[in-house]
């Protein structure tokens, strides 16, 4: 197996996992929330699912599911006291929660002795030996397929949801919550629901990441991760769930992997986000472009004129 | 949702409603095809020694991996892949992995990674062949003046994440 192939598989896995985190930031942006704390739910999901598979030998699917539940519940619980906050205040509150969660994970010690030494979270030293994939002989390629399958499922479900009244209500809430409430939509309920979904998505990404790398530590879940998630959503666009995925492809796929601008990647990525915020604030795939693309895709081909009768 | 909510035009999303059953089916199928986790297996894990030195611009990180079984015998014929990522920014700054070549000494493999910057790097050792394992070590890659070769030391809490400032008295790598 060549190093290039290993790199490609790893990069594709990272892009799929990062897309889940970016989608969680995207969901909150849809309802008018800018969260710099999604990395906390990513980390909580990583730890929760890692603990269940490494310490309690849970199957991967069950461990990931528990991680999703933990992330969703924590995000929902955070949304309750921050319901009345808006704009900058909400963003700072989520940032503070992200740091609280990271510090809490730094203090978490929960180890179990094994033949190869203690396994489990060891505070700031991290959590090693999340070995489910190795013990079950799951290859990196098979795991990539699983990750891509989960991402495709999430994208499909979100895109389907956006076509319903629920999805419309999300966008209305993000555009003008007072008008939305006047239409009879419970803004609070929408935001709580989206917060829980976003937390669950971020936690799913965290669980997948923990099992892919076999090693996690609190330092992984610092604010830069959450800032990037928001940046990917803003860059790719808020018009469709494909937008955050596009943002990840642009940054990780083009700028990082292709090494087009070595040493300047972060500068270019930051510059792109700044330019987009100025000139295209809803991102590349914004609502207008998505609407036009949808019209173009739905356009019926012109009716063929009947064949003229042929002379006998 | 309140039943008085009016019918509003929904945003188009490429026939996505048709994708939903397929997406849900994919999710379920993939989850079911992965086997259940085995309980803690008897250990056949190798002991992994990792020593790295940095040099040059980039910088370059030259690592030697020493693989031993529990009885101390060298693990020969293994495929060893080295990679690195920055813990401060997971999934970015991911370095292209390099295949480690046997050095000629039993159980010893060597590879050189081209890093993007100084600081704390998590070096991943992916082992396949006679044994399969994956371990990660956090190393602090120091600034190394001129043509010197500086040992990458185990990273500790409080190490500068990006700058890789040298801690006096820090030497060498460590063993698993």
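The values are calculated or read from the model by the stated rules, or taken from the named source; none is laboratory data. Computed from a prediction, not measured in an experiment: that's the story for all the values here. We place every Cβ from the backbone using ideal geometry, glycine too, and count neighbours over all the protein chains shown.
Output the number of residues of the stretch A:105-119 satisfying the condition of being in contact (Cβ under 8 Å) with a residue 24 or more places away in the chain and either more than 12 Å from every other protein chain (Cβ to nearest Cβ) or buried (at least 16 other Cβ atoms within 10 Å of the Cβ) (or both).
The qualifying residues number 5.
Checked against (1) closer than 17 Å to residue A:202 by Cα; (2) more than 13 Å from the chain's Cα centre (by Cα), residue A:58 passes all but condition (1). Quick check on residue A:184: is it at the interface with another protein chain (Cβ under 7 Å from one of its Cβ atoms) and surrounded by fewer than 23 Cβ atoms within 10 Å (Cβ to Cβ)? Considered against the rule, which asks whether it is at the interface with another protein chain (Cβ under 7 Å from one of its Cβ atoms) and surrounded by fewer than 23 Cβ atoms within 10 Å (Cβ to Cβ), residue A:184 comes out as yes.
Only strands (runs of 3 or more DSSP E) wholly contained in the stretch B:1-113 count here; list those with 3 or more residues that are modelled with pLDDT under 85 and more than 13 Å from chain A (Cβ to nearest Cβ).
Output list is empty.
Selection of the stretch A:236-268 for residues being more than 19 Å from residue B:90 (Cβ to Cβ) and buried (at least 19 other Cβ atoms within 10 Å of the Cβ) yields A:236, A:237, A:238, A:239, A:240, A:241, A:242, A:243, A:246.
One line per residue, one yes/no per condition, for (1) free of Cβ contacts under 8 Å to residues at least 40 places away in the same chain; (2) within 26 Å of residue B:126 (Cβ to Cβ); (3) touching a strand residue (DSSP E or B) at 6+ places or on another chain (Cβ under 9 Å):
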site: A:204; (1), (2), (3): no, yes, no
site: A:222; (1), (2), (3): no, yes, no
site: A:231; (1), (2), (3): no, no, no
site: A:240; (1), (2), (3): no, no, no
site: A:245; (1), (2), (3): no, no, no
site: A:248; (1), (2), (3): no, yes, no
site: A:251; (1), (2), (3): yes, yes, no
site: A:261; (1), (2), (3): yes, no, no
site: A:270; (1), (2), (3): yes, no, no
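Any residue in the stretch A:32-40 that is closer than 29 Å to residue A:118 by Cα, touching a residue at least 40 places away in the same chain (Cβ under 8 Å) and in a helix (DSSP H, G or I)? There is at least one residue in the stretch A:32-40 that is closer than 29 Å to residue A:118 by Cα, touching a residue at least 40 places away in the same chain (Cβ under 8 Å) and in a helix (DSSP H, G or I). In summary, residue A:130 fulfils each of the numbered conditions (1) more than 9 Å from chain B (Cβ to nearest Cβ); (2) without any contact (Cβ under 8 Å) to a residue 12 or more places away in the chain with the single exception of condition (2). If the condition is being facing another protein chain (nearest Cβ under 9 Å), in a helix (DSSP H, G or I) and more than 15 Å from residue A:75 (Cβ to Cβ), then the stretch A:219-238 contributes A:219, A:220, A:224, A:225, A:228.
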